[in-house]
Amino acid sequence: MTAESKSDELIAFVAVRLAEDESQAQLFHELGCAVAPGPGEVPRRRCHCPTPAWLTARVHALQRVLRDCEKRIRRAGPEDPDRPLGPTLAEVHVRAVALRFEEHPQWREEWRP
Ligand SMILES: [Zn+2]
């Protein structure tokens, strides 16, 4: 297995976990919230429930970090002035984000930062 494919698997693992977190954020609407979606539904309107908004904002921030790290890992080439430090640091960041999911059955110890 190449280093790039290992990074791809780590990135895919984190992306799926973050998507799950985003979906699960909808479970935390206040009682009586008229906007709360049913299981598997996407909210159609915004509401004032603080917890889903906070959780969703957190997921979106981590998704931005993941996308940035993925770009840094993928663009690494011999002409990249950050090479090899840029991609290495980017993977360390992805591993740090992934650590939150260490209890997931698909977690791999080799991803531990
Ligand atoms: Zn709500």
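We did not get these values from a lab; they are worked out from the coordinates using the rules stated. The structure presented is a predicted model; accordingly, all values stated were derived computationally and were not measured. All Cβ positions, glycine included, derive from the backbone under ideal geometry; neighbour counts span all protein chains shown.
Mean-square fluctuation check for the chain, GNM, Cα pairs under 10 Å: which of 35, 92, 59 is largest?
35
Let me check I have the definition right: for the chain, take the eigenvalues of the Cα gyration tensor, multiply each by 5, take square roots. What are those semi-axes in whole Å, largest first?
The answer is 33, 15, 10 Å, longest axis first.
Among 69, 49, 33, which one shows the biggest mean-square fluctuation in a GNM of the chain, springs joining Cα atoms closer than 10 Å?
33
To make sure I understand, if each residue's beta carbon is the centre and we count other beta carbons within 10 Å, what order do 107, 54 fall in, fewest to most?
In increasing order of surrounding Cβ atoms, one gets 54, 107.
When the chain is treated as a GNM, springs tying every alpha-carbon pair under 10 Å, which of 94, 42, 14 comes out with the largest mean-square fluctuation?
Comparing 94, 42, 14 in a Gaussian network model of the chain, the most mobile one is 42.
Assigning unit charges at the beta carbon (Lys, Arg +1; Asp, Glu -1) and nothing else, what dipole magnitude in debye, to the nearest 20, does the chain show about its Cα centre?
380 debye
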